[in-house]
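Asks: Below: one structure in structure tokens.
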Amino acid sequence: METQTKRKIELFTAGCTVCEPVVEMVKAMACSSCEVIIYNVAESCDSKECLNKLENFDINTVPAIAVNGKLLSCCQHKGISVEELRSAGIGNVA
């Protein structure tokens, strides 16, 4: 008899209209060997565990997904930066 390896899926969301379709997609795709843990950073990310995970994964934007302790490459963008805003001309007098 073959043993199935559990897959730990950690989903970071803000509970917004952008995040909710991703939450539903992950839930729909999850199989019996998937453990889905949802962290709503807008409501319940006060716990030390949640805050540590945000910091350890270097999550700056949501939704974000980590599988088995590794942030997916699609979620590794670093969010808005001052440098990018300046390069787009924001703050420069025309």
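Asks: Not counting the cut sites, what is the longest span of the chain without trypsin sites (Lys or Arg not before Pro) that DSSP labels loop and that have at most 14 other Cβ atoms within 10 Å?
Replies: On the way: sites that count: LYS6, LYS78.
Excluding the exposed sites themselves, the longest stretch runs over 7-77.
Asks: Continuing with the same structure: Please work through the chain and write down the cysteines that have no neighbouring cysteine Cβ at a distance under 4.7 Å.
Replies: Lacking a cysteine Cβ partner under 4.7 Å: CYS16, CYS19, CYS31, CYS34, CYS74, CYS75.
Asks: Calculate, in nm to one decimal, what CYS31 and GLN76 gain on full extension: separation in residues at 0.36 nm each, minus their alpha carbon distance. Mind dumping the intermediate values first?
Replies: Values: separation 45, 0.36 × 45 = 16.20 nm, distance 2.42 nm.
Going from the current span to full extension adds 13.8 nm.
Asks: Could I ask something else about it? Out of all DSSP beta bridges with both ends in the chain, state the antiparallel percent to the nearest 5.
Replies: Working: 6 of 13 bridges.
Given both bridge residues lie in the chain, the antiparallel proportion sits at roughly 45 percent.
Asks: Quick one: grab the alpha carbon gyration tensor of the chain, order the square roots of its eigenvalues as a ≥ b ≥ c, and give me rounded if a/c is under 1.5, else prolate or oblate depending on whether a/b is larger than b/c. Don't jump to the answer; show the numbers that get you there.
Replies: Numbers: a/c = 2.33, a/b = 2.26, b/c = 1.03.
Prolate, since a/c reaches 1.5 and a/b exceeds b/c.
Asks: In a Gaussian network model over the chain where Cα atoms closer than 10 Å are linked, find which of ILE65, ILE37, ILE80 has the largest mean-square fluctuation.
Replies: Its mean-square fluctuation being the largest, the pick is ILE80.
Asks: Separate question: For the chain, what is the calculated [θ] at 222 nm in deg cm²/dmol (nearest 500), taking -39500 (n - 2.57) for each run of four or more DSSP H residues and dividing by its residue count? The partial results should precede the final answer.
Replies: Values: 3 runs with 26 residues, N = 94.
Computed mean residue ellipticity for the chain: -7500 deg cm²/dmol.
Asks: Given Cα pairs under 8 Å that are at least 6 residues apart, what percent is the relative contact order of the chain? Walk me through the intermediate numbers first.
Replies: Working: 99 pairs, mean separation 29.8, N = 94.
It comes to 32 percent, rounded to a whole number.
Asks: For labels at THR17 and ASP58 in the simple 7 Å Cα→Cβ model, what's the distance in nm?
Replies: 3.3
Bear in mind these aren't lab numbers, they're just calculated from the coordinates by the rules spelled out. Quantities reported herein were computed from a predicted structural model and do not represent experimental measurements. Counting neighbours? That spans all protein chains shown, and the Cβs are built from the backbone with ideal geometry, glycine included.
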